[in-house]
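The structure under discussion appears below in the form of structure tokens.
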Amino acid sequence: MKISYKWLQEYINLNENPDVLADKVSLTGIEVAGVRYPDKGLKKIVVGHVNSIEPHPDSDHLNICQVDVGESEPYQIVCGAPNVAAGQDVIVALPGSRIADNVKIKKSKMRGVESKGMICALQEIGFPENVVPKEYANGIYVFTEPVKIGEPVFKYLGMDDAILDFDITPNRADTLGMHGTAWEVGAMYHEKPTFEQPELTETATKAQDLLKVAVENKAVVPGYYLRIVENVQIKPSPMWLQIHLWNAGIRPINNVVDITNYIMLAYGQPMHAFDYDKLTRKEILVRDAKPGEVITSLDGEDHQLDPEDIVITDGVVPTGIAGVMGGLDSEITASSKTVVLEAAVFNGTRIRKTAQRHNLRTDASTRFEKGIDTASVTAALDAAASLLQQLAGGAVAQGVLVGNDIHPEDAVIDIRLDRINHILGTELTLAQVQAIFENLGFKVTVSDTDLMTVSVPPRRWDISIEADLVEEVARMYGYDNLPATLPKIAMTPGKFNPQQRFIRRSKTLLQSAGLSEVISYALTTKTKAQQFIMTADTALTKLDWPMTEDHAYLRLNLVSGLLNDIAYNVARNQTDLAIYEQGRAFTKKAGEIRPVEREYLAGAVTGLVSGDNWAQDKQVVDFYYLKGILNTYLADHDYTGDISYVANTDRPELHPGRSADVYVGEEFVGFIGQVHPAIAKAYAIPETYVFQLDLSTLLTLPTTALVSQSAPKYPATSRDIAVLLPDTVTNAQVEAVIKRRGGQHLQNIHLFDVYAGKNIEAGHKSLAYSLTFQNPEATLTENEINEQMTHITDYLTESLHAEIR
Amino acid sequence: MSLKSDLEQLKEKGLAQIKTVDSTKVLNDIRVSLLGKKGPITNVLRGMKDLSAEERPQVGSFANEVRDSLTEAIETKKQELQTQLLNEQLSAETIDVTLPGRPVEIGTSHVLTQVQNDIEELFIGMGYQVVDGPEVEEDHYNFEMMNMPKDHPARDMQDTFYITNEILMRTHTSPVQARTLEKHDFNQGPLKMISPGRVYRRDTDDATHSHQFHQIEGLVVDKHITMADLKGTLEVLAKHVFGADRKIRLRPSYFPFTEPSVEVDVSCFKCGGKGCAVCKYTGWIEVLGAGMVHPNVIENAGIDSKIYGGFAFGLGPDRFAMLKYGIDDIREFYLNDIRFLHQFKVED
Ligand SMILES: [Zn+2]
């Protein structure tokens, strides 16, 4: 809402720098987005009188005007406006003047003819296009009321004002009217606003003889009032009215329309005027729209009405969309004679939905949906009728036609001073608080020493409970004056829970291993959402109404996001990447609606671990590089169960020969592998290795409690063993055999060589292990170890057909 | 006295010999030849039996003296030679210390995580718990419990991704307030919590909007929590995140779940309040929303709002990070350009 400083001064005694006022309003109630001074930066723009004009000899549209600007000689000004004529009082930018956008006007020659200055359109002195009266939209502005030649134009055009832009929160619709704004600003300055209600004289004609009115669905139209004004003469409004409108950002149209807009701005009460003579039946019926009904609104658009829309009808045919916009068929035009004025209260939710449905958000609908002052509906109606009488020569028919009568009541709230201080942490006195309420126009009666009974008028419909009153006190007292303390309450321990600690530890570990954290979108495409799933029996969750197909499904995996990130980086020549994400996957069983949110952890590596450098050859990422990281990560948690990797050829997004499911004990916890070349191609990424773990599962697994042990006192002994095996036998099988036959003193199995090729039988490989034995109680003897080694080699030969080398 | 003069001579000659030695091997040979079992000193000592009883101790002690000084000279020379040898070896081992070290990569934490961790740790230190909540929420908790019944206009302000009529992507972290309030047993003490996490809005992604972003919710409820406590707590937060010299300012605002509601500005950390491009020449930057928990929110959780009350606040790590590091496009956080991410190394 654009608030004119001068308009405010009509209601309250206000003498404050508008910038200071704006700051104060921002800190007390409503954010002021800015202050505009319409005449700021403009100079030497004066009223001129066009004495005569003659066509420019070398132009078919320019005129040479002799313009009196209050000096001894008239100025010769060449003007291209089509509507310039002798006898007009116009806006003249003198040589040396500044007009809008900081443009400087100089003496010049136009097609050989000297021109001293410029005759201006309103737009040229800074008026927004959308407030310029239509008749001056394509030409210069012409004054219609007496003005003094040579005087600056600003005061005549209402430009010597400051316009404050109120950015209103939904609860403060009371300031969508100047009366409400005056109460708000007045309360800040301890000034009580005064509003003059114009006098109204009615004729002998009874309104009820001219028109019948009825409201069908009274629940959604709690108040409905009409007045009829006859013999109206449509013409432009006087300057004062036009100025009030354009400074509020509304274009003046004609006296009738302008009056309805002016009343809306003043009272916050939307007002509609329509042409009585265009009503086919002399009755007004307000009802819910019927399916299939169509109306053409004032802006010329056709609307298919919905049964949730409220319409104004002539008993049969809709003539307007209630609370939103009138119909074209009953529009006020230059020939209108009898005007019906409507002031009503419509259900805010209904109006909001109608405005959304028809994409018709108007000044009226905004006010109805946010809430209006139900106590001033008829006052606004009477004021509008009175202005029609004054400014359009209208005759106001006797009586108000009532379709539904609203009985607004004050909200009465009891509140104790002690309660206010308890909530705010202040030590306010009763007098302070009472003054705040009274400045806001609330009535206060005190009983029982500190119990206030506060009556809040319907203007402030946002106030209904104690907390609302506390807010009024807090903001009027000033948040700057509030002390700053910390809660004085019982101590509580602050600590992370086990899951939070686990996640933090997980991130630290992966970062230490060189992976950087990324955060991807949890909403993704259908295809990507269901790739890299952990278990097959998982269903997708789709948004009901996505913004784009790119973000339409909830992810079942984290890997696809990592691959997006890799693609993004690779496309920007960042090819060596090690990244991870910790976040949620949204899994569910088919048929369920709400997914389960599981904490996942996924990593991806591509390119080089390190490039060629003077000290070492480049190292390329491979399966075992990522597996090393993954295994270090898993080993950190000291699970009771063994960590194992089981080849899985069936994961569709992974290389069938290079992927494994990961288990801790018997529990499946995730997978690791190379991204399938076909998938990599689809993402436009190079060879990439990924893993994904279900942290929610990992968190439930038993871990071994640490019992510390002294460093071993007796020496360990190592033995090397090399075995020749068929290719198909895995390291895991060999290790399992060694472990099984290694005896209780086998401490560690270290694979130090894998060899195939020269000197090795085709289809075979050689694995070489170093086995460490240690007895914490004694030094192991040569014999003990030899015996154990024999067990191992025998069993390797027997069960895996290994040849010991 | 010839024995004594022999010894004298031996000493002179030996010391001179030792002095000129330049290898440990030669030094060792000298040691053997002078002090060995077949060496001259041993010889002298052997010949002592022929001396008189008065002479014997004199010569004996002189012989020992000579032996000791020769031994000492050899030892000193030996140290000298070893040091020299070591120095030569070390000199030969000299490397170019300006060659680069072998690369070691350490990953970085995402800047949003850094901001979030920083704030979590601050509040943990003040005795808050960190509570996680679901990202897929019920309409009930996201809106109704937060005093936004169906048809509430504020629902339009936060365009929502619905899954069904009742299930949605949470639009804020506030539903965690409702869930925690519902479960909290005030016999166990006051409720002090923060809740960080992802939230979602039905928005078109651009420089200042993202359909996915982060929030941190704060909530303190007990029998006597004041708005002054809110102001004091936010002051601690603002100083912690934006610097010790920061001031805060509360402005009236509107949220359905708090009453009174405020927007919180922090004095500009760039210009200190004088006015600059960062604060749009106002000296203040809007950083978060807060207020006293609306009695309806307390009552909705089955708690008596006449006895219990408190404050709540909600802030955006994305916005904090953008302000703190001068990032002007929110999409940077989710595109994960590694060059962007790697800048943020310090978790302070
Ligand atoms: Zn600044």
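The values are calculated or read from the model by the stated rules, or taken from the named source; none is laboratory data. These numbers were taken from a predicted model, which means no experiment stands behind them. Cβ: placed from backbone, ideal geometry, glycine included. Neighbour counts: every protein chain shown. Note: areas computed on protein heavy atoms with side chains; ligands, DNA, RNA excluded. Shrake-Rupley method; radii C 1.70, N 1.55, O 1.52, S 1.80 Å.
Taking amide H atoms as placed 1.01 Å from N in the peptide plane, the amide H of residue A:406 lies under 5 Å from those of A:224, each 5 or more residues away in sequence or on another chain. Taking each of A:526/A:681; A:44/A:235; A:206/A:370; A:40/A:370; A:528/B:150 in turn, the alpha-carbon distance tops 25 angstrom for A:44/A:235; A:206/A:370; A:40/A:370; A:528/B:150.
With all protein chains kept in place, the per residue accessible area of segment A:6-156 amounts to 49 square angstrom at a probe of 1.4 angstrom.
Backbone amide hydrogens, once placed in the peptide plane, bring residue A:322 within less than 5 Å of A:310, A:311, A:312, excluding anything fewer than 5 places away on its chain.
Restricted to Cα atoms, chain A shows a radius of gyration and a Dmax of 41.9, 131 angstrom.
Relative to the current alpha-carbon distance between residue A:684 and residue A:10, full extension at 0.36 nm per residue lengthens the span by 235.8 nm. Rolling a 1.4 Å probe over the protein heavy atoms leaves residue A:655 with an accessible area of roughly 50 Å². The alpha carbons of segment A:141-238 stretch over 55, 39, 25 Å along the principal axes, in descending order. Per-residue Karplus couplings for segment A:289-302, computed as 6.51 cos²θ - 1.76 cosθ + 1.60 with θ equal to phi - 60°, are listed in order as 5, 9, x, x, 5, 10, 9, 9, 7, 3, 7, x, 8, 8 Hz, Gly and Pro entered as x.
Shown are A:37, B:200, whose ranking by accessible area with a 1.4 Å probe and every protein chain present, most to least, is A:37, B:200. Here is the size of segment A:4-122 from its Cα atoms: Rg then Dmax, 19.7, 62 Å.
Between residue A:134 and residue A:451, the FRET efficiency estimated from the beta carbon spacing at R0 = 60 angstrom works out to 0.55.
Looking at the square roots a ≥ b ≥ c of the eigenvalues of the Cα gyration tensor of segment A:209-281, which shape do they give, rounded for a/c under 1.5, prolate if a/b is larger than b/c, or oblate? Since a/c reaches 1.5 but b/c is at least a/b, the shape of segment A:209-281 is classed as oblate.
Taking the solvent-accessible surface of protein heavy atoms with a 1.4 Å probe, what is the per residue accessible area of chain B in Å²? Here the per-residue accessible area is 47 Å². In segment A:631-713, the C-alpha radius of gyration followed by the widest Cα-Cα span (Dmax) gives 16.3, 58 angstrom. The coefficient of translational diffusion for chain B, derived via Stokes-Einstein from the alpha carbon Kirkwood radius under 20 °C and 1.002 mPa s, stands at 79 µm²/s. Place a point 7 Å from the Cα of residue A:218 along the Cα-to-Cβ direction; which residues of segment A:392-412 have their backbone N under 12 Å from it? A:403-407, by backbone N distance to the label point. Since only B:248, B:154, B:237 are under comparison, the one whose Cα sits farthest along the positive direction of the charge dipole of segment B:111-341, derived from C-beta charges on Lys, Arg, Asp and Glu, is B:248. Measuring with a 1.4 angstrom probe and ignoring ligands and nucleic acids, residue A:794 comes out at about 80 Å² accessible. Say R0 is 35 Å: what FRET efficiency, to the nearest 0.05, do residue B:48 and residue B:87 get from their beta-carbon distance? For residue B:48 and residue B:87, the calculated efficiency is 0.20. Taking every DSSP helix (H) stretch of at least 4 residues in chain B, weighting each as -39,500 (n - 2.57) and dividing the sum by the residue count yields a mean residue ellipticity at 222 nm of -12500 deg cm²/dmol.
With a/c under 1.5 counting as rounded, go ahead and sort segment A:672-734 into rounded, prolate or oblate using the C-alpha gyration tensor (a ≥ b ≥ c being the square roots of the eigenvalues; past the cut-off, prolate if a/b is larger than b/c, else oblate). It comes out oblate by the Cα gyration axes. Here's the picture: a label point sits 7 Å out from the Cα of residue A:774 along the beta-carbon direction, and within segment A:692-724 the residues with their amide nitrogen under 13 Å of it are A:709-718.
Among the GluC sites (Glu not before Pro) found in segment A:565-599, those both in a DSSP coil and sparsely packed, with 13 or fewer other Cβ atoms within 10 Å of their Cβ, are A:592. Computed from backbone phi with θ = phi - 60° and the Karplus coefficients 6.51, -1.76 and 1.60, the 3J(HN,Hα) list for segment B:184-195 is 5, 9, 5, 5, 8, x, x, 9, 10, 9, 10, 9 Hz; x is used for glycine and proline. Report summary: the helix-based calculation at 222 nm, which adds -39500 (n - 2.57) for every DSSP H run with n ≥ 4 and divides by the residues of chain A, gives -7500 deg cm²/dmol.
Only aspartates and glutamates eight or more places from residue B:306 in sequence, or on another chain, were considered; those with a Cα closer than 12 Å are A:466, B:222. In terms of packing, defined here as the mean over residues of other Cβ atoms within 10 angstrom, the peptides B:142-154, B:8-20 line up highest first as B:142-154, B:8-20. Average accessible surface for segment A:472-604: 41 Å² per residue, computed with a 1.4 Å probe over protein heavy atoms with every protein chain in place. When accessible surface is computed with a 1.4 Å probe, chains A and B are found to bury approximately 7400 Å² between them, both chains counted.
As a length-normalised measure over Cα pairs under 8 Å and 6 or more apart, the relative contact order of segment A:411-481 settles at 40 percent. Ligands, DNA and RNA left out, the 1.4 Å accessible surface of segment B:111-341 is 47% carbon and sulfur atoms. Sequence-distant contacts, meaning Cα pairs under 8 Å at least 6 residues apart, place the relative contact order of chain A at 8 percent. Protein heavy-atom surface of segment B:2-92, 1.4 angstrom probe: 52% of the accessible area is carbon and sulfur, with nucleic acids and ligands not counted.
Taking the three principal axes of the alpha carbon atoms in segment B:2-92, the coordinate ranges are 59, 19, 15 Å, sorted in descending order. Across segment A:176-187, coupling constants 3J(HN,Hα) worked out from phi with the 6.51/-1.76/1.60 Karplus curve, θ = phi - 60°, read 7, x, 5, 5, x, 5, 5, 4, 5, 5, x, 4 Hz, and Gly and Pro carry x. Taking every C-alpha pair closer than 8 Å and separated by at least 6 residues, the mean separation divided by the residue count of segment A:671-805 gives a relative contact order of 28 percent. Restriction of the trypsin sites (Lys or Arg not before Pro) in segment A:94-172 to DSSP coil positions whose beta-carbon has at most 14 other beta-carbons within 10 angstrom yields A:106, A:107, A:111, A:148, A:155. Put a plus charge on the Cβ of each Lys and Arg, a minus charge on the Cβ of each Asp and Glu, and nothing anywhere else: the dipole of the protein assembly as shown about its Cα centre is then about 2280 debye. Across every direction, the projection of the convex hull enclosing the Cα atoms of segment A:202-404 has a mean area of 9.9 nm². Using the Cβ-Cβ distance between residue A:727 and residue A:749 with R0 set to 22 Å, the FRET efficiency works out to roughly 0.60. Which pairs in the list A:353/B:231; A:507/B:247; A:2/A:107; A:2/A:106; B:13/B:38; B:192/B:231 are over 27 Å apart, alpha-carbon to alpha-carbon? Where the Cα-Cα span goes over 27 Å, the pairs concerned are A:353/B:231; A:507/B:247; A:2/A:107; A:2/A:106.
The alpha carbon gyration tensor of segment A:528-627 gives principal lengths a ≥ b ≥ c with a/c of 1.5 or higher and a/b greater than b/c, which makes the shape prolate. For a modelled paramagnetic label at residue A:596, 7 Å from Cα along Cα-to-Cβ, the residues of segment A:679-698 in reach, with backbone nitrogen under 19 Å, are A:692-698. Within segment B:196-283, the proportion of C-alpha pairs whose separation exceeds 15 Å stands at 71%.
Taking amide hydrogens as placed 1.01 Å from N in the peptide plane, the amide H of residue A:301 sits under 5 Å from that of no residue at least 5 positions away in sequence or on another chain.
Applying the criteria of a DSSP loop state and at most 12 other Cβ atoms within 10 Å to the GluC sites (Glu not before Pro) of segment A:335-426 yields A:409.
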